[in-house]
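All remarks here apply to the structure that follows.
Nothing in this text is a laboratory measurement; each read-out follows from the coordinates by a stated rule. Owing to the predicted nature of the structure, the values given are computational and were not obtained by experimental measurement. Methodologically, a virtual Cβ is constructed for each residue, glycine included, from the backbone with ideal geometry; neighbour enumeration extends over all protein chains shown.
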Amino acid sequence: MIPVTNEKELHMELAKDALKSLTGDVTVSLWGQDLVDGKIVLYSGRLKEAKIDNRIRERLVTAGLIFFNYRSPDFLKASMVKWDPELNAIYLPVESFPRIWKFLKTSVRNGMNLKKQAGLDCTIDRPEDIIDLSLLDSNARIAFIQNDKVAYKSKELSQYEKRLIGNKQRLLDDRKNMYFYSDEEEIYHDKDCSMVKKIPILSFKASTKRPLGKSPCPACVRRMLIREACFPHTNQIRPITAMLKTGWISNKQLEHLVVNDKIKLFVEAPGELKVVGKEDSWIITGFDEGIYNLYHNNYVKVSATERYITDGYHKQGVKSNRLHHLFDYINDYSYVGHVSFVNEQRKDKEFIKKYGFLGTIIVGIKTAVKSYFKRKRFNKNQLHLVR
Ligand SMILES: [Zn+2]
């Protein structure tokens with residue numbers, strides 16, 4: 001028979017020690033017996049991705065949950081949890097639940113007895129009643145507690161629900177669809193984002209274009225951009241992701257490349273990234289060394305405004321330890337621009353030859369002014385889809 005005593009009076013000193021063992025700044029301690037008026041909300045995956053109301057999410061604080069073993073008085077542990085003070089709700093990952101619950105449930109029962117002893121109303125009949133499993137339910141299955149563990153059973157589906165599930169799968173399988181979202185939310189996702197599974201079948205939508213008025217999910221925006229850059233060759237997503245990571249290309253830079261400049265990316269051979277720009281194709285090498293080297297498609301010059309592209313690549317003579325410098329170069333390149341640049345360089349050289357030191361100064365000023373305006377134009381073109 002479990003004596004009805006207040007756990008806090010009995011174990012406060014041990015609890016203080018256990019709380020000290022936690023890393024981070026834990027100022028709140030929670031006791032199982034107090035959860036009689038609260039709840040334990042279980043979630044799977046990352047808390048960041050769980051479907052929690054934003055108002056609740058903002059209230060969550062880090063707290064130390066005390067749990068101990070009634071059979072062995074020295075066994076007392078603390079675990080860091082997220083806690084909503086307003087609803088007295090603890091958020092626990094479903095994986096750590098069984099380990100904690102086998103001890104915690106005795107404390108919850110103790111809390112029930114404490115209430116009865118004090119002549120207060122107890123709103124629950126069993127400790128399990130405080131467990132909230134709603135975040136674990138999906139379109140197809142329902143979570144329940146069995147032998148102190150979480151188990152699942154399939155939902156009985158109506159014809160209508162079966163049709164909606166089929167519809168969601170069809171939209172996901174359609175290779176043309178790039179963006180997935182819920183009618184009721186303001187963000188859209190990549191097909192592989194774990195949030196897609198959680199979108200209810202009733203409000204599930206898919207689109208080949210970015211849905212207007214919605215913004216990209218911060219967790220999968222990079223994958224969406226890379227998918228777009230190599231579409232429809234989705235098997236390229238993985239190697240391209242690795243190469244862009246090696247080259248420290250930020251989401252913002254990537255967005256600019258894909259959305260504004262509409263570049264396409266392919267991994268031609270290991271360590272060779274092919275970039276298809278407005279007019280030309282390029283190959284970037286040097287991912288292992290961290291010195292990136294640019295190759296340009298071969299072409300035959302016809303006139304100052306005309307040429308045709310032929311097989312193969314030549315070294316462009318552009319090297320950098322920053323991958324994004326090469327992308328900047330690619331985006332600035334146009335054949336006409338390149339020819340006039342070469343002509344201008346030749347003229348500048350002749351000018352310097354003719355006027356000596358004065359010529360050098362004038363050419364220097366001209367170049368500085370030009371590059372200033374070029375930078376300004378580049379900054380103005382930023383789109384800011386990524387926040
Ligand atoms: Zn996402």
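What you get for the chain, charging only the Cβ of Lys and Arg (+1) and of Asp and Glu (-1), is a dipole of about 1520 debye around the Cα centre. Placing R0 at 25 angstrom, the Cβ-Cβ distance between Val4 and Val28 gives a FRET efficiency of 0.50 after rounding to 0.05.
Volume of the convex hull of the chain (Cα atoms only), normalised per residue: 223 Å³. Length available on full extension from Asp17 to Asp121: 0.36 nm per residue minus the Cα-Cα distance, which gives 34.1 nm.
Dipole magnitude for the range 222-341: computed about the Cα centre from +1 point charges on Lys and Arg Cβ and -1 point charges on Asp and Glu Cβ, it is near 320 debye. Note on Lys354 and Lys51: their simple-model spin labels are 7.4 nm apart, each label 7 Å out from Cα toward Cβ. On a 0 to 90 degree scale, rounded to 10, what angle separates helix 221-230 from the longest Cα axis of the chain? Value to nearest ten degrees: 40. With no solvent and one point on each alpha carbon, what is the Debye value of log10 I(q)/I(0) for the range 222-341 at q = 0.09, 0.16, 0.21 Å⁻¹? Each listed q corresponds, in turn, to -0.23, -0.74, -1.23. The alpha carbons of the range 14-77 give a radius of gyration and a Dmax of 14.1, 41 Å, in that order. A Förster radius of 41 Å, combined with the Cβ-Cβ distance separating Tyr152 from Val61, puts the computed FRET efficiency at roughly 0.85. If you average the C-alpha positions of the range 103-136 and of the range 189-246 separately, how far apart do those two centres end up, in angstrom? Taking the Cα centre of each part, the range 103-136 and the range 189-246 sit 43 Å apart.
The stretch between Ser96 and His233, if pulled fully straight at 0.36 nm per residue, gains 45.4 nm over its current Cα-Cα span.
For the set Lys48/Lys191; Lys51/Lys198; Lys214/Lys278; Lys274/Lys319; Lys245/Lys319, the pairs lying more than 20 angstrom apart at their alpha carbons are Lys214/Lys278. Compared with the dominant principal axis of the Cα atoms in the chain, helix 7-20 is inclined by about 20°.
Could you work out the local net charge near Ile330, counting Lys and Arg as +1, Asp and Glu as -1, over the other residues with Cβ closer than 10 Å to its Cβ? Neighbour charge sum, excluding Ile330 itself: -3.
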